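Everything on this sheet refers to the single structure shown next.
No lab work stands behind these numbers, since they all come straight from the coordinates. The shown structure was predicted, so the numbers you read here are calculated from the model rather than taken from an experiment. Note: ideal-geometry Cβ built from the backbone for every residue, glycine included; neighbour counts use all protein chains shown.
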């Protein structure tokens, strides 16, 4: 078997769709370490990559695998790694490294119930804040979250493209249900491909950390004669040590943030479903958004004006999804498979313009449409 | 064996940290420590171009002229 | 072994490989790391490696700053991960000679897992383990190669634990080229590094080096020259063979060289079988 056919009906799991999306987006190096419920991504990549001339390596631990993809990206390849909660904790180090070196890479995190080893096979959305703040030091990060197998394919392609565009790590935040359920999907014949900008100047003129017109510095492949220094300590625009220069540190951190925060319109915002006349919005992402959509339909059948706001980009938080509707809402309900994580950010953004309520579940089970409907009905006083 | 011509030995004092290694490793006592600890050439005619000082200097600060 | 005059002069090294505004280095007077850098550059030069084919990957610690003075593609990053990063670089572009200088703490403590597995894989990297038996940059704490009874800032009453023998560790893990050099002999060191870089497979060169400030001071040997004399005294060349003099000393020279399948070459075969094009 050589790869998955386009334009044909396929029955794929989320993890398989993720691997296929990565291959189609041009990922040619994957370093992994086995962990439930993400291992099928590594297994699929191990089978598929040699078929397209790429390489898979199983590293000795989680830290080794994220380090290896950073290395391969420096040498010019599109790269990916996949893990789950306990692995994410170990990869915190490598994520910060990729942020500071500005190395394009994709890290898939298939959320399972925690803390610690928790419930290995059962879903959660408990890594939402960890994905935002899971490495030390102030840093920007892009996190996108799929709710279906088809969207896992699409957002894996998107994650690779965003990583290349922004010279940044991108986290694809999946969960144990989306990753392991099988759905019928039709893969597109063509996908959009974004390649990192490489330097157009002579090596003597190359500055690996000087922002170009798109906010991002061009990146030379190691081995192409540009002799640049990928340096995780505070560095100047040439990459050289500036660990005692406060003004260089200030400029560096501001630039790292600006390259993403000044281009938020390039991030996939998400979906507003039946929101035009909605009085209550369910704000939900990932697998929970599937239940929320079903709940919205059930509510509408009962004549309740309920809609769904489904963010695709989780971080940076895009208030543009909420802002157009918030004045007409009496309440937002934020169902999550955690004890209430993203709900705090929603509260901050809504800022008292509307009530914001949390619906939590943290027992390794998913939130059902009925649970959401009950909560919505209660909020609406019906 | 002492060459009749003195060997050209250059010391870059901007790079030298006066660690004393070159002075002590020289088998022919070509160098001595000045009062500030940095090397000074006392007799370049004794140098046999063994290059030990140049090859061991951690700071690339001493260079011995090679034969033509 | 190349004669000293056949090795690149310091002037040539500076012209080709040294980043002038980086020098003088941050290292303390008499630190052995600079000598290792010199021998490493002379090995690269004598092997006639193309500059764009060499990547220098370092970790954290005093040795982690090596790249700051050089003109190659280079990496300075997370503590202990240099070999894992290097593995990714080499896998992505097998044309590259990836040279990985590390300290004893970087390699054998926090990076120990990556070290043994890189050796097991026999991936074509050159690990240079600069062993000064101490954590220098952080203030003289014990490392995995600190000898028993010696005093460190975290063993003020003497170090209790036994040290790793880095070369034996590499051997047990499957490295296919192993050598030990010492900073008191930079000519032999350049030769060993050249052999290591020329070797196809995972090569390890342990370099016994001096830290006069953090290790020497506590051992009553704070002068760099005293440290070098001490290093000469505790080492003996492999050529001498095992005798009474070599008993309990560090053997220097080439300790192991064998041919074994190399990871990137094996993977390319796998790609060919799978029908892909690398």
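Please work out the Cα convex hull volume for the range A:9-186 and give it in Å³ per residue.
Given the Cα convex hull of the range A:9-186, per-residue volume reads 91 Å³.
Shape descriptor for the range A:195-266: Rg over Rh equals 0.98 (Cα atoms; Rh from the Kirkwood inverse mean 1/r). A simple spin-label model places pseudo-atoms 7 Å from Cα toward Cβ; at residue A:198 and residue B:13 they are separated by 4.9 nm. If you bin all the Cα-Cα distances of the range A:270-379 at 10 Å, starting from zero, the percentages per bin are 16, 55, 28, 2.
Residue exposure proxy: C:72, C:115, ordered by other Cβ atoms within 10 angstrom of their Cβ from fewest to most, comes out as C:72, C:115.
Once divided by 2.2 N^0.38 Å, the Cα radius of gyration of chain A becomes 1.00.
Going from the fewest other Cβ atoms within 10 Å to the most, the residues C:31, B:16 appear in the order B:16, C:31. Once the Cα atoms are used to define both axes, helix A:149-166 deviates from the longest principal axis of chain A by about 40 degrees.
With coordinates expressed along the principal axes, the C-alpha atoms belonging to the range C:122-278 extend over 63, 35, 24 Å, beginning with the largest.
Cβ-Cβ distance of residue A:244 and residue A:363, R₀ of 35 Å, FRET efficiency by 1/(1 + (r/R0)^6): the value works out to about 0.10.
Against the main long axis of the alpha-carbon atoms of chain A, helix A:286-301 sits at an angle near 30°.
Sorting C:258, A:190 by the number of Cβ atoms found within 10 Å of their own Cβ, with the fewest placed first, yields A:190, C:258. For helix A:14-25, report the angle its Cα long axis makes with the longest principal axis of the Cα atoms of chain A; keep it between 0 and 90° and round to the nearest 10°. With rounding to tens, the tilt is 40 degrees.
The three principal axes of the Cα atoms in the protein assembly as shown give end-to-end lengths of 108, 55, 54 Å, sorted in falling order. In terms of overall dimensions, the C-alpha atoms belonging to the range B:9-64 reach 25, 22, 16 Å along their principal axes, ordered largest to smallest. If a spin label sat at a point 7 angstrom from the Cα of residue C:222 along the line to its beta carbon, the backbone N atoms of the range C:176-215 nearer than 17 Å would be those of C:211-215.
The distance from the alpha carbon centre of the range B:13-68 to that of the range A:202-218 is 42 Å, rounded to a whole number. Summarising the label geometry, the points placed 7 Å from Cα in the beta-carbon direction at residue A:51 and residue C:265 lie 2.9 nm from one another. The distance between label points at residue C:147 and residue B:49 comes to 3.9 nm (points 7 Å beyond Cα on the Cα→Cβ vector). For chain A, set up a Gaussian network in which alpha carbons nearer than 10 Å are linked by springs, and say which option among A:208, A:104, A:188 fluctuates the most. For chain A, modelled as a Gaussian network with Cα springs under 10 Å, the answer is A:188.
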